[in-house]
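The values are calculated or read from the model by the stated rules, or taken from the named source; none is laboratory data. These numbers were taken from a predicted model, which means no experiment stands behind them. Backbone-built Cβ (ideal geometry, glycine too); neighbour counts: all protein chains shown. For accessibility, only protein heavy atoms count, side chains too; no ligands or nucleic acids. Shrake-Rupley method; radii C 1.70, N 1.55, O 1.52, S 1.80 Å.
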Amino acid sequence: MGSHRRIVVLTGAGISAESGVATFRGPDGLWEGHRVEDVATPEAFARNPALVQAFYDARRARLAEVAPNAAHLALGRLDAAWPGELLIVTQNVDDLHERGGARRLLHMHGELKSAWCTACGTRHRWEGPLRHNPPCPACGAQRLRPDIVWFGEMPYAMDRILHALGQCDLFIAIGTSGQVYPAAGFVETAREVGAHTVELNLDRSAMSNRFHERRLGPAGTLVPALVEELLA
Ligand code: OAD
C-alpha cells in the first residue's frame, strides 16, 4: 500500500450505516419504503413537491441525531496526513465525512444541508425544513429545492472526478453496491490507467469481481485498518 501516491476514494451509503443512516437497497433500505419515482426524480418533485420535500426534510433532520463513525474519522485522518494527491468522492448526501474531518471531498449526488433556488440558481447552506416553501435568502422566491442529484440528473463535479481518476494509482470503493452509474463505472476508469483497485464492503457488490482486491466486513473496522496501512 505504501508505494501509492495518488488516491481516489469512492464512498456509498454503507460507510454511514454504522452511524445509523439507512442505506438504499436491502431489507431496511430507504428504497424499500418509497418508490424511487415518487421521491427522487425531477418529475416527482413537479408532481408532488410536498411529498418530496417531506422525504428530504426528514433525512436532513436525522443528521442532528447521528455522528461520524470510525470509518469517517479514519478518512479524516488520511486527508489530514496524506502528503500525496487525494480525492474523496461520496455518493452520500449526509455531512458525516465533513464532520469526520475530510476536506478533499466532493459530494457527487448533492447534499442534504444545501438548498438550491430554482428561480435565481443560488445555493444556500440549509439546516431546517423546506416543505413550507421558505423564501430564497437571495431573491425571495419560494422555489427552493433540495440540492440533491435526482435520477435523470447529471452528478456534480464529474470533470474533477474523471480528472482525478485518470491520474490515480490507487482506487478504493467503500460501502457502495455498484448499481448506480456513473459511480459504478469508476473502477473501470481507474483500471484503465493502471491503478490498483480495492473494494471494502460488508458483502460482495455488483462490481466486486472488477476489483484487484476485496475486503469483506464492516467499514468501521476495515477503513481504519486500511488507513493505518497507508500511513504506516
Ligand atoms: P446502497 O444502499 O445501494 O448500497 C449500500 C452498500 O453498502 C451495500 O453494498 C452494502 O453491502 C454495503 N454496506 C452496508 N452496511 C455496511 C457496512 N457497515 N460496512 C460496509 N459496507 C456496508 O447504497 P449506494 O451504493 O451508496 O443515489 O447507492 C448508490 C446511490 O443509489 C445513492 O447515492 C443514491 C441511490 O439511489 C441517488 O439518490 C442519486
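Numbers below:
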{"read-out": "Residue within the range 170-179 that is away from the ligand (no atom under 11 Å from the Cβ), at pLDDT 95 or above, out of contact with any helix residue (DSSP H, G or I) (no Cβ under 6 Å at 6 or more places or on another chain) and open to solvent by less than 30 Å² (accessible area, probe 1.4 Å) present", "value": "yes"}
{"read-out": "Lone qualifier among Ala61, Ala67, Ala80, Ala102 - being at pLDDT 95 or above, closer than 23 Å to Leu200 by Cα and part of a helix (DSSP H, G or I)", "value": "Ala80"}
{"read-out": "Unique residue being surrounded by 17 or more Cβ atoms within 10 Å (Cβ to Cβ), closer than 28 Å to Ala206 by Cβ and at pLDDT below 95 when the list is Thr23, Thr11", "value": "Thr23"}
{"read-out": "Subset of the range 134-156 [part of a loop (DSSP other than H, G, I, E, B) and touching a residue at least 24 places away in the same chain (Cβ under 8 Å)]", "value": "Ala141, Arg143, Val149, Trp150, Phe151, Gly152, Glu153, Pro155, Tyr156"}
{"read-out": "Residues satisfying the stated conditions in the range 130-155, i.e. open to solvent by 50 Å² or more (accessible area, probe 1.4 Å) and closer than 19 Å to Asp38 by Cβ", "value": "Arg131, Phe151, Gly152, Glu153"}
{"read-out": "Considering residues of the range 75-112 that are among the hydrophobic types (A, V, I, L, M, F, W, C) and open to solvent by less than 10 Å² (accessible area, probe 1.4 Å) only, the residue nearest to the ligand (Cβ to nearest atom)", "value": "Met108"}
{"read-out": "Tally of residues being free of Cβ contacts under 8 Å to residues at least 24 places away in the same chain and either within 12 Å of the ligand (Cβ to nearest atom) or within 19 Å of Phe186 (Cα to Cα) (or both) across the range 211-226", "value": "6"}
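Rundown of residues vs (1) among the acidic types (Asp, Glu); (2) over 19 Å from the mean Cα position of the chain (by Cα); (3) near the ligand (Cβ under 9 Å from one of its atoms), yes/no style:
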{"residue": "Thr122", "(1), (2), (3)": "no, yes, no"}
{"residue": "Pro135", "(1), (2), (3)": "no, yes, no"}
{"residue": "Ala138", "(1), (2), (3)": "no, yes, no"}
{"residue": "Arg143", "(1), (2), (3)": "no, yes, no"}
{"residue": "Val149", "(1), (2), (3)": "no, no, yes"}
{"residue": "Gln167", "(1), (2), (3)": "no, yes, no"}
{"residue": "Thr189", "(1), (2), (3)": "no, no, no"}
{"residue": "Asp203", "(1), (2), (3)": "yes, no, yes"}
{"residue": "Glu228", "(1), (2), (3)": "yes, yes, no"}
